[in-house]
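So the structure is just underneath, and the comments pick up after that.
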Amino acid sequence: KQEVTQIPAALSVPEGENLVLNCSFTDSAIYNLQWFRQDPGKGLTSLLLIQSSQREQTSGRLNASLDKSSGRSTLYIAASQPGDSATYLCAVRLRSSGGYQKVTFGIGTKLQVIP
Amino acid sequence: DVKVTQSSRYLVKRTGEKVFLECVQDMDHENMFWYRQDPGLGLRLIYFSYDVKMKEKGDIPEGYSVSREKKERFSLILESASTNQTSMYLCASSLNRPQHFGDGTRLSIL
């Protein structure tokens, strides 16, 4: 059974700092990994998706990396801003021979960027 | 841009009531999903559908059913609501890869 762990559960940083959020998974036979952002009381917004054949993806100040062999992904946020304050979740989609490809979500890291 | 719309942001119902949560997507996606999100437990899949009138159980289907009569609409039904079904419910749709989520329905069962 795939387990997805995100550490730390919460993080507080001053504005302008670069930071790294971590996601680890137990089953390396993944199809892709996705990072989401969730604002309080809202749904999830997709940030980056990394296919199993890729090592990283970048969007603006965000960079996500994937190391399947070690079962890890990191989300790097450069020059953090108060607007980055949210909960960040990673989701791992497993490979399957057919039918639905199961997605397992981590519980998330709650980020607070202090002005 | 994909839009997934959940009919209610907040809903309060009583134990034993039959509850309907509605979700509509505007991008002709085949796949639609219902999750619940609880503190410390993350998102858990209740049901999903990969086509009209098709449905599959997720990880926690007990106490729930679903309906997909049209491609754009996926309904979650609580047959007889119980207090342990108080939660945030999230609907998502996808074509192949990334899932697009609605804003969620916070459901309270009294």
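Contact order, relative form, for chain B: 36 percent (alpha carbon pairs under 8 Å, 6 or more residues apart, mean separation divided by residue count). Put simply, the C-alpha atoms of the protein assembly as shown give a gyration tensor, and the ellipsoid matching it has half-axes of 30, 21, 16 Å, longest first. Here region A:13-115 is treated with +1 on each Lys and Arg Cβ and -1 on each Asp and Glu Cβ, and its dipole about the Cα centre works out to around 360 debye.
With θ taken as phi - 60° and the Karplus curve 6.51 cos²θ - 1.76 cosθ + 1.60 applied, the whole-hertz 3J(HN,Hα) list for region B:46-63 is 8, 8, 9, 9, 10, 5, 4, 6, 9, 8, 9, 6, x, 7, 9, x, 4, x Hz, x standing for glycine and proline. Amide hydrogen proximity for A:LYS102: with H placed 1.01 Å from N in the peptide plane, the residues at 5 or more positions away or on another chain lying under 5 Å are A:LEU94. Remark: chain A is approximated by an ellipsoid whose semi-axes, taken from the C-alpha gyration tensor as √(5λ), come to 25, 14, 12 Å, largest first.
Its Cα centre serving as origin, the protein assembly as shown has a Cβ charge dipole (Lys and Arg +1, Asp and Glu -1) of approximately 340 debye. Start at zero, step by 5 Å, and the Cα-Cα distances of region B:4-84 spread as 3, 14, 24, 27, 20, 9, 3, 0 percent across the bins.
Annotation note: trypsin sites (Lys or Arg not before Pro) in region A:1-102 located in DSSP loop regions with a Cβ neighbour count of at most 14 within 10 Å are A:LYS1, A:ARG55, A:ARG61, A:ARG95. Remark: for residue pairs B:LYS13/B:LYS57; A:LYS102/B:LYS71; A:LYS110/B:LYS71, the C-alpha separation exceeds 30 Å in A:LYS110/B:LYS71.
Residues whose amide H comes within less than 5 Å of that of B:LYS71, counting only those at least five positions distant or on another chain, are absent (H built at 1.01 Å from N in the peptide plane). With a 10 Å cut-off around each Cβ of A:107-114, the average count of Cβ atoms from other chains is 1.
None of the figures in this text is laboratory data; all of them are computed from the coordinates on show. What you see is a predicted model, and the numbers here were worked out from it, not measured in a lab. Glycine gets a Cβ as well: all are built from the backbone with ideal geometry, and neighbour counts include every protein chain shown.
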